[in-house]
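Enquirer: First the structure, then my questions, so here it is.
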């Protein structure tokens with residue numbers, strides 16, 4: 001009997017050693033891939049940072065309303081933030097590639113599913129960038145137009161336009177990432193519909209006297225100033 | 001005036017209309033039956049007084065009223081009326097030209113080409129909406145050119161000191177400082193030019209450029225000045241224009257005229273960098289001293305409030321264009337009481353130059369940049385009106401002259417930042 005126990009123990013130990021021996025090359029490959037990704041990530045960060053600084057990316061970005069994103073970086077520079085993001089992307093890709101080198105089903109499937117998710121992430125990033133630029137452009141257009149129309153609430157209108165566009169953009173980006181799709185659509189619809197309904201009720205019911213007085217005042221004013229209109233040119 | 005011998009005074013590119021003549025009067029019209037009669041009559045009489053053979057070239061954008069028929073009736077056989085075609089664009093109500101003449105560049109080009117075909121010694125452009133145009137005005141425009149004394153004669157109208165403030169505060173000073181000629185109204189719709197200058201005009205490549213419909217008059221004046229042609233101004237009295245049914249708002253008008261100026265600056269940067277100082281432009285003609293233009297109805301306090309509203313809401317936008325020192329000075333102006341509300345000439349010159357730089361460097365979309373200039377312009381106008389004595393025409397004239405000098409003094413500020421923008425970036 002003791003011979004059988006000894007035989008079983010020997011076989012078990014042998015199987016364990018064989019499993020580890022079969023697993024070790026994958027681990028070594030993972031470590032080598034991670035080391036390579038670390039070095040490459042650092043190199044990419046330096047190159048991207050210098051290239052963006054040379055192109056005056058920070059100045060152009062703040063002109064297009066994306067300067068606030070630079071505050072996410074410790075150095076408050078959008079170029080540094082983008083360079084760091086590129087470094088982390090290299091590291092993550094390296095990790096995922098390393099996981100596929102392991103002869104393990106679950107990590108490999110996880111890595112492959114992450115690779116399939118990358119296009120959605122890039123699309124969401126593109127939506128965010130375009131949305132931020134559009135929000136800046138339209139909010140500034142509304143601000144300048146409202147000021148030239150002598151509207152006292154010009155700044156409020158501009159902020160409202162900017163935030164509506166940013167919320168729409170964020171919703172589209174989250175939908176692209178597949179995060180809470182159903183809830184997102186419902187929440188956005190309720191929020192936006194609620195805002196419009198509240199505004200309509202406020203104007204229709206709560207401000208009807210003020211609107212009536214304003215319209216009567218406007219109707220009493222002559223369409224052109226009395227006397228000779230001025231020719232500015 | 002030589003008779004054409006033709007039974008019809010209107011010809012479209014036929015042999016009679018191609019007869020050489022001394023003077024050609026070009027008129028752009030569209031549904032101007034109410035006012036074209038006076039303009040054609042004055043043109044005919046003006047040419048007759050100068051014993052010049054001439055004809056009227058009518059660039060009519062397919063009027064739906066009796067504009068062309070009325071012109072023919074008034075012209076008679078003395079002065080042939082030749083109709084030329086040009087492509088009148090569809091009118092966008094939101095983008096009306098400030099002068100109310102869609103397709104002006106195309107119409108003017110057609111007139112100049114017709115004048116060249118007739119080997120005219122001078123070509124005069126008139127607006128069809130001048131009901132009180134006098135024959136003497138036409139003579140004032142034609143005479144210096146036909147005598148060989150000048151190549152370009154611009155109209156100089158007597159205006160109320162508060163009228164034409166965009167021209168007085170921006171167009172004239174910039175034109176004077178950068179191009180070196182003290183042309184009071186560079187964007188005047190009426191002018192006369194010689195044969196050599198007419199050929200030079202037609203050689204230019206800006207006829208189809210963006211902004212040509214609104215900037216063509218100013219671009220032609222700039223072409224004449226920078227081409228070192230002999231310049232002059234003709235006093236034409238008070239300008240009375242028939243009201244248009246729809247006029248563009250101030251923001252649109254300022255954006256068009258100042259935008260056209262800034263586009264021209266960019267194209268001629270190599271020229272105006274070398275210009276130093278300015279020379280006065282000779283003035284010809286006489287005006288009725290008793291004629292007083294009507295005072296416009298405008299409240300400087302409302303203008304001041306518009307400026308203060310603009311400062312409060314657009315400060316961050318202005319900070320993208322103007323340096324911090326200018327923003328601080330504008331804050332002092334915004335906080336000043338009405339009696340001390342002043343935008344000084346040097347400050348104003350630097351503001352305009354910074355906007356020109358912003359336009360050149362594309363600091364922001366051009367529509368936004370020019371829209372952000374409107375409250376600043378209203379602030380300048382309020383400052384001008386609140387200054388004692390500026391309601392007097394002579395005092396206002398001297399005041400504008402000092403403003404022009406300030407623009408000349410500040411020109412190195414513009415040149416240094418134009419050449420080396422990265423040095424001055426904050």
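The values are calculated or read from the model by the stated rules, or taken from the named source; none is laboratory data. Everything quoted here is computed from the prediction, not taken from an experiment. Using ideal geometry, Cβ is built from the backbone for each residue, glycine included, and neighbour counts are taken over all protein chains shown.
Enquirer: I'd like the residue in segment B:309-322 that is more than 8 Å from every other protein chain (Cβ to nearest Cβ) and crowded, with 16+ Cβ neighbours inside 10 Å and, out of all such residues, is nearest to residue B:361 (Cα to Cα).
Expert: B:321
Enquirer: Is it the case that some residue within segment B:255-274 is closer than 18 Å to residue B:347 by Cβ and either outside the structural domain of residue B:408 (by TED's automatic domain parsing) or surrounded by fewer than 20 Cβ atoms within 10 Å (Cβ to Cβ) (or both)?
Expert: yes
Enquirer: Still on this structure: Within the bounds of segment B:350-372, is there any residue that is closer than 19 Å to residue B:298 by Cα, at pLDDT 95 or above and away from chain A (no Cβ under 14 Å)?
Expert: Scanning segment B:350-372, I find no residue that is closer than 19 Å to residue B:298 by Cα, at pLDDT 95 or above and away from chain A (no Cβ under 14 Å), so the answer is no.
Enquirer: Next question, about the same structure. Quick one: is residue B:188 within 14 Å of another protein chain (Cβ to nearest Cβ), crowded, with 22+ Cβ neighbours inside 10 Å, closer than 30 Å to residue B:346 by Cβ and free of Cβ contacts under 8 Å to residues at least 40 places away in the same chain?
Expert: In short, yes.
Enquirer: I've got another one for you. Please indicate, with yes or no, whether at least one residue in segment A:166-176 is in contact (Cβ under 8 Å) with a residue 24 or more places away in the chain, within 14 Å of chain B (Cβ to nearest Cβ) and part of a helix (DSSP H, G or I).
Expert: no
Enquirer: Shifting gears a bit: Please go through segment A:67-97 and pick out each residue that is under 26 Å from residue B:364 (Cβ atoms) and modelled with pLDDT of 65 or more.
Expert: Listed by number, the residues that qualify are A:77, A:78, A:79, A:80, A:81, A:82.
Enquirer: Test residue B:146 against the criterion of being surrounded by fewer than 23 Cβ atoms within 10 Å (Cβ to Cβ), within 14 Å of chain A (Cβ to nearest Cβ) and more than 15 Å from the chain's Cα centre (by Cα), and give yes or no.
Expert: No; evaluated as a whole, the condition is false for this residue.
Enquirer: From B:285, B:259, which residue is in contact (Cβ under 8 Å) with a residue 12 or more places away in the chain, at positive phi and either away from every other protein chain (no Cβ under 11 Å) or touching a strand residue (DSSP E or B) at 6+ places or on another chain (Cβ under 9 Å) (or both)?
Expert: When all the criteria are applied, what remains is B:285.
Enquirer: Please pick out the residue among B:152, B:157, B:179 that is within 12 Å of chain A (Cβ to nearest Cβ) and surrounded by 20 or more Cβ atoms within 10 Å (Cβ to Cβ).
Expert: B:157 is the lone residue from the list that is within 12 Å of chain A (Cβ to nearest Cβ) and surrounded by 20 or more Cβ atoms within 10 Å (Cβ to Cβ).
Enquirer: Quick one: how many residues across segment B:8-20 are at pLDDT 75 or above and buried (at least 23 other Cβ atoms within 10 Å of the Cβ)?
Expert: Of the residues in segment B:8-20, 0 are at pLDDT 75 or above and buried (at least 23 other Cβ atoms within 10 Å of the Cβ).
Enquirer: Next question. Across segment B:112-130, what is the number of residues that are part of a loop (DSSP other than H, G, I, E, B) and over 17 Å from residue B:58 (Cβ atoms)?
Expert: 2
Enquirer: Is at least one residue of segment A:117-134 under 30 Å from residue B:250 (Cβ atoms) and in a helix (DSSP H, G or I)?
Expert: yes
Enquirer: Further, regarding this structure: I need a count of the residues in segment A:194-215 that are loosely packed, with under 10 Cβ neighbours inside 10 Å and over 41 Å from the mean Cα position of the chain (by Cα).
Expert: 1
Enquirer: How many residues does segment B:59-83 contain that are outside any loop (DSSP other than H, G, I, E, B) and farther than 15 Å from residue B:21 by Cβ?
Expert: Of the residues in segment B:59-83, 11 are outside any loop (DSSP other than H, G, I, E, B) and farther than 15 Å from residue B:21 by Cβ.
Enquirer: Turning to a different aspect of this structure: Just to verify a result, which residue in segment B:355-387, among those that are free of Cβ contacts under 8 Å to residues at least 40 places away in the same chain and on the phi < 0 side of the Ramachandran plot, is surrounded by the fewest Cβ atoms within 10 Å (Cβ to Cβ)?
Expert: This residue is B:365.
Enquirer: Any idea which of (1) surrounded by 15 or more Cβ atoms within 10 Å (Cβ to Cβ); (2) modelled with pLDDT of 85 or more; (3) away from chain B (no Cβ under 14 Å) is the one residue A:163 doesn't satisfy?
Expert: (1)
Enquirer: I've got another one for you. Kindly evaluate residue B:343 against the criterion of being part of a loop (DSSP other than H, G, I, E, B), at pLDDT 95 or above and not assigned by TED's automatic domain parsing to the domain that holds residue B:163.
Expert: yes
Enquirer: I've got another one for you. Within segment B:202-257, how many residues are closer than 27 Å to residue B:148 by Cα, modelled with pLDDT under 90 and under 14 Å from the mean Cα position of the chain (by Cα)?
Expert: Residues flagged as closer than 27 Å to residue B:148 by Cα, modelled with pLDDT under 90 and under 14 Å from the mean Cα position of the chain (by Cα) within segment B:202-257 amount to 1.
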